[in-house]
1. Could you work out [θ]222 nm for the chain from helices alone, using -39500 (n - 2.57) per DSSP H run of at least four and dividing by all its residues? Round to the nearest 500 deg cm²/dmol.
2. To the nearest 10 degrees, how steeply does helix 206-216 sit against the main Cα axis of the chain, on a 0 to 90 scale?
3. Computed FRET efficiency, Cβ-Cβ of M1 and D270, R0 41 Å: what is it to the nearest 0.05?
4. Report the gain in length on full extension from L33 to K280: 0.36 nm times residue separation, minus Cα-Cα distance, nm rounded to one decimal.
5. Going by alpha carbons, how many degrees (0 to 90, nearest 10) lie between the helix axis of 161-180 and the longest principal axis of the chain?
6. For the chain, find the longest principal axis of its Cα atoms and tell me its angle to the long axis of helix 327-348, 0 to 90°, nearest 10.
7. Using mean Cβ contacts within 10 Å as the protection proxy, how do 181-187, 160-166 order, highest first?
8. Mind jotting down the distance between the C-alpha centroids of the range 182-231 and the range 289-317, whole Å?
Amino acid sequence: MKTALVLGAGGFIGGAMCKRLKKEGYWVRGVDLKNHEFINMDEVVDEFIVGDLRDNDLVSRIIFAPNQHSLGDYKNSFDEVYQFAADMGGAEFVFTGMNDADIMHNSALVNLNIAKHALEKSVKRVFYSSSACMYPEYNQKDPANPLCSEESAYPAQPDSEYGWEKLFSERMFMAFAKNHKLDVRIGRYHNIFGPEGTWRGGREKAPAALCRKVAEASDGQSIEVWGPGLQTRSFLYIDECLEATTRLMRHKDFKGPVNIGSEEMVSINDLATMAIKASKKNLSIHNIQGDVFEIKYGFPCPIGVMGRNSDNTLIRRKLKWDYEMPLESGLQLTYDWIESQVKNYKGEN
Ligand code: NAD
């Protein structure tokens, strides 16, 4: 039986990866600061440990896989370690600058601990979840023509400290690969979305936030979209993200860094329009920005770069993988799930 360790298992992508690995027949251990909000982890992992991966001792202990003949004997090395743990969220959390110290310190500490102990405990392979946020701002000013091919990463100039931390950790993992032969795989995710992700509370990302606003609105109302709505992005459905990630992880020699995303680029207003269509409601869009935004929320409107899209040339060539699901289909599934969450939440309050 193969073994997998999923770090950040209580989060959106980590929880979904646990489900997938369990279905594939792996022995799975999940670790997170917290339990998953929407998944009963007992059903999708063999062992779930609530713990802080900034804690060096904890990481040194959890990175051993149980001996398959005696679950108490932690002497085996994991076949696959997926590192998803990060202090992160959507635009409000990442792009206002208000959480920069935590974002950099907490995530870097987690990654430093994992690289060191993965090496010491002879983990067979580590996946690191980097982000499109590490690409330089200067290539992402034109909404119609953003450049995010892998080799465009340097000279570096991410527009957020979140992106700088991702870049640092990519390089740190690559240095362990170069100097110590740690087998590392790096994917640069572009806006992963789907059911069972955070949809309220300030850490939710654009697709979930828009679906929630639409689900909460009544016919004839407008929903608020932050910024001009002309910024472009692409969004990848969670199942496709897991498929690309496991293909990268199990490829015999291709290590990345490689984009994992969709090339279906839309504006944020297009995304909002799709969410409205999914709801079958009669709603309009109200773009809020500038002083009006700042007076209402007390911080400048966090919109990020003006244009961003995945470039899948490399992943198509190396992994024979490409996104398939139209954004509209994935958003319908996500909207339906968030609408049911909103209804349940209202019922409870
Ligand atoms: P998420 O916030 O849902 O999950 C991250 C998890 O890490 C959370 O459950 C959190 O509790 C956990 N965590 C944070 N600090 C920890 C610590 N010190 N110890 C233990 N657990 C800790 O995020 P996600 O959307 O599932 O993203 C997973 C990874 O993919 C992250 O590294 C993220 O930066 C990266 N990524 C995600 C996206 C996306 O669109 N979702 C895009 C680019 C990159």
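The values are calculated or read from the model by the stated rules, or taken from the named source; none is laboratory data. These numbers were taken from a predicted model, which means no experiment stands behind them. FYI the Cβ positions are ideal-geometry reconstructions off the backbone, even for glycines, and counts take in every protein chain you see. Calculation scope for accessible area: heavy atoms of the full protein, side chains included, ligands and nucleic acids excluded. Shrake-Rupley method; radii C 1.70, N 1.55, O 1.52, S 1.80 Å.
1. Taking each H run of at least 4 residues, the total per residue is -12500 deg cm²/dmol.
2. Once rounded, one gets 50 degrees.
3. 0.35
4. Result for the pair: 85.1 nm of gain on full extension.
5. 20 degrees
6. On a 0 to 90 degree scale, this one is about 90.
7. Working: 181-187: 20.0, 160-166: 23.7.
Taking the mean over residues of other Cβ atoms within 10 Å, the ranking is 160-166, 181-187.
8. For the range 289-317 versus the range 182-231, the Cα centre distance is 12 Å.
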